[in-house]
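Inspection log for the structure reproduced underneath, given as structure tokens.
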Amino acid sequence: FCSPTRASIITGMFATKTNVTAFDVPMTTSHTTFVQRLKDEANYSTAVFGKWHLAGGHTVGYNNAMPQMVGFDIFKGNLDSAPTPGYWDHYYHVQDETTTDPAAKPANAPPPTRSLPDIAASTYAPIVRGADTIEYIASQAAQNPEKPWFVWLAFNLAHVSLPPLKYYHVPNADTMDDATKTEILGCGGVPGTYYNGTEGGCTAAQLMRAMTNAMDTVIGKVLDAVASIPSNTYVIFIGDNGT
């Protein structure tokens, strides 16, 4: 499951120690995260963009480890396990320098329309996450190039479908490469829409390939941004479903 894995990554402890043993179990603030240590002991700027889902969820409330409570200066994303209500109309939760109560749930703001190089402006969650990350990296390089920074970029792509089956979808056309786009159009998929694969046409495997390809495209844009600034940056890829 996703939450146990991410809780283990951020604390360095097994799930039996974090007590995050299922996807719907929140993490408490009783553990010191490596992000907090980067901030306190090494003077890092810290940010997380995208999926959080360690503070609880909309069904149980958000009353546990909010991002700013465990070491992040800035959070822009969605507190739930998936982009709620959906990939193009997801709630946009923010904790930043204007946040007065780090333990409080941010407002359910509508997502901003963002763009990436060669990718049209959209509210599509992966594009927003990537654009937020690139903007942050650029601001760190411009404002204080000697200060180290850490970014946690967490995608919801590619995600298995759960009832009501809407998380299988066809990504925006310009986030897919030509081969993937040809495959998805050939099975009747409509880019930029939900298509759950349950009525014939695109299979779950085809939709999963499309989502993974879209994530790969956005990651490429972020890596281009990192490469464009003078930095000695480590990039670590981790899957959050039991890797």
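The values are calculated or read from the model by the stated rules, or taken from the named source; none is laboratory data. Only a predicted model underlies this, so the values are computations on that prediction, with no experimental measurement involved. So basically every Cβ, Gly included, is an ideal-geometry build from the backbone, and we count neighbours across all protein chains shown. Note: accessible area is taken over every heavy atom of the protein model, side chains too, but ligands, DNA and RNA are not part of it. Shrake-Rupley method; radii C 1.70, N 1.55, O 1.52, S 1.80 Å.
Assuming Thr123 fulfils every condition listed in (1) open to solvent by 20 Å² or more (accessible area, probe 1.4 Å); (2) farther than 12 Å from His90 by Cα apart from one, which condition is it?
It is condition (2) that Thr123 fails.
Can you tell me which of Thr46, Thr5 is within 17 Å of Met69 (Cα to Cα) and in contact (Cβ under 8 Å) with a residue 24 or more places away in the chain?
Within the list Thr46, Thr5, the selection yields Thr46.
Does segment 1-31 hold any residues that are among the hydroxyl-bearing types (Ser, Thr, Tyr) and either modelled with pLDDT of 95 or more or under 18 Å from the mean Cα position of the chain (by Cα) (or both), and which are they?
The answer is Ser3, Thr5, Ser8, Thr11.
Restricting attention to segment 79-104, and to residues there that are of a type in the set (Ser, Thr, Tyr) and open to solvent by 20 Å² or more (accessible area, probe 1.4 Å), which single residue is nearest to Thr212 (Cα to Cα)?
Ser81
So for segment 195-203 (the condition being modelled with pLDDT of 90 or more and among the small types (Gly, Ala, Ser)), does at least one residue qualify?
no
Got a sec? Which of Tyr91, Tyr124, Tyr87, Tyr62 is on the phi < 0 side of the Ramachandran plot, of a type in the set (Ser, Thr, Tyr) and without any contact (Cβ under 8 Å) to a residue 40 or more places away in the chain?
Tyr91
Can you name every residue in segment 180-222 that is of a type in the set (A, V, I, L, M), in a helix (DSSP H, G or I) and surrounded by 13 or more Cβ atoms within 10 Å (Cβ to Cβ)?
Ile184, Leu185, Ala204, Leu207, Met208, Ala210, Met211, Ala214, Met215, Val218, Ile219, Val222
Residue by residue through segment 105-120, note down the ones that are open to solvent by 40 Å² or more (accessible area, probe 1.4 Å) and either touching a residue at least 24 places away in the same chain (Cβ under 8 Å) or farther than 24 Å from Leu79 by Cβ (or both).
Answer for segment 105-120, where residues must be open to solvent by 40 Å² or more (accessible area, probe 1.4 Å) and either touching a residue at least 24 places away in the same chain (Cβ under 8 Å) or farther than 24 Å from Leu79 by Cβ (or both): Lys105, Ser115, Pro117, Asp118, Ala120.
Would you list the helices (runs of 4 or more DSSP H) that sit entirely within segment 1-93 and hold 1 or more residues that are closer than 24 Å to Lys147 by Cβ?
2-11, 34-42
If you take the residues in segment 50-78 that are modelled with pLDDT of 95 or more and open to solvent by 10 Å² or more (accessible area, probe 1.4 Å), which one is nearest to Val20 (Cα to Cα)?
Met69
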